[in-house]
Amino acid sequence: MRLARTAIAMVVWTLVLILPCAQAQSAANPIKAVRLGKLWDAKGKLWTNAIVIVEGERIRSVTTDASAIPADAEVIDLSKYTGIPGLIDVHTHMTMYTDETPGTPMLKQITNNPPAVEVFLARKGALRTLEAGVTTVRDLSADQYMDIAMRDLINQGEMIGPRMFVSGYGVYATQTPTKKDMAIPGSVAADGVPQVLKAVREQVAAGVDLIKMYASTGTDDDVTGFETYTYEEIKAAVDMAHKFGKKIAIHSYGPDGARDAVRAGTDSLEHATGMDDATIQEMVKRGTYYVPTIDHNRYYIDNGDKIGYAPGYKEKLRAFIPRNLETARRAFKAGVKIAMGSDAIYTMFGQNTRELGWFVKAGMTPEQALHTATGTAAELLGKEKELGAVAPGYFADLVAVEGDPLADINVAIYNVKWVMKAGSVVVDNRKSAKN
Ligand SMILES: [Zn+2]
């Protein structure tokens, strides 16, 4: 009896142990073959009847030869659609998401919630971001290292969202001409070179991917652009970031902070308006990336009452947008590298790619606009060999849109039907009521 029972137990245990292992092994590197009517690969090629073969989280090959589809592949038929690479938004504030609780201004909501609550709520913004076809973000400032927590939860598969590259706290100066008690959420005050160096070191020690610095006033309904740091302070931050192999993104609404940030060697310049020709030429020479963030001003105009801005904000923002657009137009014409950043915050997630519409207004073709959110953005991240294109060895980040995004940029902005991130389908709206 005892022997028999042991034998049965052994059989049961063998099944329990072996079956999940076998499943896990076949699930570890599943092969998928994604068929697309057209494919813009961001490498200079527009394919017809493309087949993207995905193994695990990477792209194994791109082909038009159906006989190359492995027998055990799961075939996903998107032949009605055009494929583009998963898009990259290089300026977000993922942990400053709000859940639109009525009655409380959103400006208050993002600081009211404890960090754990805020990170949990932020998953909704993360999903909306994916639904816009954005599979990677560069997140520029967060309180309490919520961005690091969110990045890691997403990487562990505990939260569904875009791949995040994060900056921790943004470094800012205490005294400014317009806001003496300026306390930007997600920022650390640092005055003078030693404090700036300490603030940068602290972010690196916490585990950030890059550094964010505010070199001017201007945020939300405040469209002033007074420089808040000296050249020496900015240079110290840039050099310390680079010493640790980190890139730095510098915020400046106005031309003075922009000029000093560029001269100091910033990797990217956020927002800047009114730059003179010398600064623009310096950006071309150095290869500085410009992230104009025009559309967030539009979002503030549409939502300022809910956010809680003081009356008069619409006029200020309406006057700022043409300056922002004109600077982008001049920079693009001069040959500055431009990357797409939405500055998404509050409830703007899901509207991340509307910036591309402004880029077309600034003189880009739809294809050039798409490059700002694919190849160019990936270069800014230092990930141009694995993100921002549909090619062998790259992460299998793929978006299917309905229509021709090279003829009309609105197709990429508003007609996203299906999204794959690292080989997993994260959005499938092919059968939604909208169709
Ligand atoms: Zn921002």
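Read the figures in this text as sums done on the coordinates, not as results from a lab. As the structure is a prediction and not an experimental result, all values here were calculated from the model. All Cβ positions, glycine included, derive from the backbone under ideal geometry; neighbour counts span all protein chains shown.
Estimated at 0.36 nm per residue, the fully extended path between Thr64 and Asp305 surpasses their Cα-Cα distance by 81.6 nm. Binning the C-alpha pair distances of region 150-258 at 10 Å intervals from 0 yields a P(r) profile of 15, 44, 29, 11, 1 %, listed from the shortest bin outward.
Each 10 Å bin from 0 upward holds the following percent of the Cα-Cα pairs of region 228-333: 15, 42, 28, 15, 1. The equivalent ellipsoid of region 91-141 has semi-axes of 20, 12, 10 Å, largest first, where each one is the square root of 5 times an eigenvalue of the Cα gyration tensor. Translational diffusion of region 297-377 was estimated from the Stokes-Einstein equation, with Rh taken as the Kirkwood radius over Cα pairs; at 4 °C and 1.567 mPa s the coefficient is 95 µm²/s.
Taking label positions 7 Å along the Cα-Cβ direction at both Asp277 and Thr104, the computed distance is 5.2 nm, reported to one decimal.
Each of the peptides 369-379, 85-95 was scored by the mean count of other Cβ atoms within 10 Å over its residues; in descending order, highest first, they stand as 85-95, 369-379. The Rg/Rh ratio of region 27-151, with Rg taken over Cα atoms and Rh as the Kirkwood radius over Cα pairs, comes to 1.13. Positive end of the dipole of region 166-271 (Cβ unit charges, origin at the Cα centre): among Tyr214, Val193, His242, the Cα lying farthest that way belongs to His242. When the listed pairs Lys124/Lys383; Lys38/Lys80; Lys32/Lys383 are checked against a 19 Å cut-off, the alpha-carbon distance exceeds it for Lys124/Lys383; Lys32/Lys383.
Karplus-derived 3J(HN,Hα) values for region 68-85, using 6.51 cos²θ - 1.76 cosθ + 1.60 with θ = phi - 60°, are 7, 6, x, 4, 8, 6, 7, 8, 10, 8, 10, 5, 7, 10, 9, x, 9, x Hz; glycine and proline are entered as x. Once the convex hull of all Cα atoms in the chain is built, its volume per residue stands at 178 Å³. For helix 115-131, report the angle its Cα long axis makes with the longest principal axis of the Cα atoms of the chain; keep it between 0 and 90° and round to the nearest 10°. Orientation of helix 115-131: about 80 degrees from the principal axis. Rg/Rh for region 23-97 stands at 1.08; both radii use Cα atoms, and Rh follows the Kirkwood definition. Averaged over residues, the count of other Cβ atoms within 10 Å places the peptides 106-115, 121-130, 231-240, 260-269 in the sequence 260-269, 121-130, 231-240, 106-115, highest first. Tell me the angle of helix 2-28 to the major Cα principal axis of the chain, expressed in degrees between 0 and 90 and rounded to the nearest ten. The answer is roughly 50 degrees.
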